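Enquirer: Here it is, the structure in full.
Here, each number is a calculation from the coordinates, and none is a lab measurement. The shown structure was predicted, so the numbers you read here are calculated from the model rather than taken from an experiment. Cβ: placed from backbone, ideal geometry, glycine included. Neighbour counts: every protein chain shown.
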């Protein structure tokens with residue numbers, strides 16, 4: 001399948017660069033667009049709407065420190081990023097809207113091989129709710 005739009009689910013960890021590198025590699029091969037999404041689930045759903053910080057770069061829905069970390073991912077990427085969606089809540093609950101509104105055809109997310117990920121797997125929630133292909137990258 002030729003993917004035209006790849007969505008990368010970002011975490012605020014250095015390992016996220018592995019996901020971005022994978023997305024950029026595939027995007028260059030397929031001449032696809034790349035978008036980023038980060039949903040902060042630590043405080044519930046404070047901001048139910050997603051903010052595209054590519055369109056509104058002055059908005060800081062997660063506070064300056066987290067936004068600086070997120071923006072650094074884009075700065076360090078050698079490929080144009082179409083959308084950079086940021087919000088709060090649960091990514092799996094927002095997935096349908098993101099996919100439909102942006103024409104996403106592939107999602108790339110990470111999966112940690114640790115004790116907590118065996119108990120609570122966020123990638124499993126995405127897989128169960130996604131209507132498009134998902135590439136789960138072990139981190």
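Enquirer: So how far apart, in nm, are the two label points at residue 133 and residue 101 if each is 7 Å from Cα heading toward Cβ?
Expert: For the pair residue 133/residue 101, the computed spacing is 2.5 nm.
Enquirer: Then there is this: Given the rule -39500 (n - 2.57) for each run of at least 4 DSSP H residues, summed and divided by the residues of the chain, what is its mean residue ellipticity at 222 nm, to the nearest 500 deg cm²/dmol? All intermediate terms of the calculation are to be shown ahead of the outcome.
Expert: Working: 5 runs with 52 residues, N = 139.
So the helix-based figure for the chain works out to -11000 deg cm²/dmol.
Enquirer: Would you calculate the convex hull of the Cα atoms in segment 5-138 and tell me its volume per residue in Å³?
Expert: Once divided by residue count, the hull of segment 5-138 is 106 Å³.
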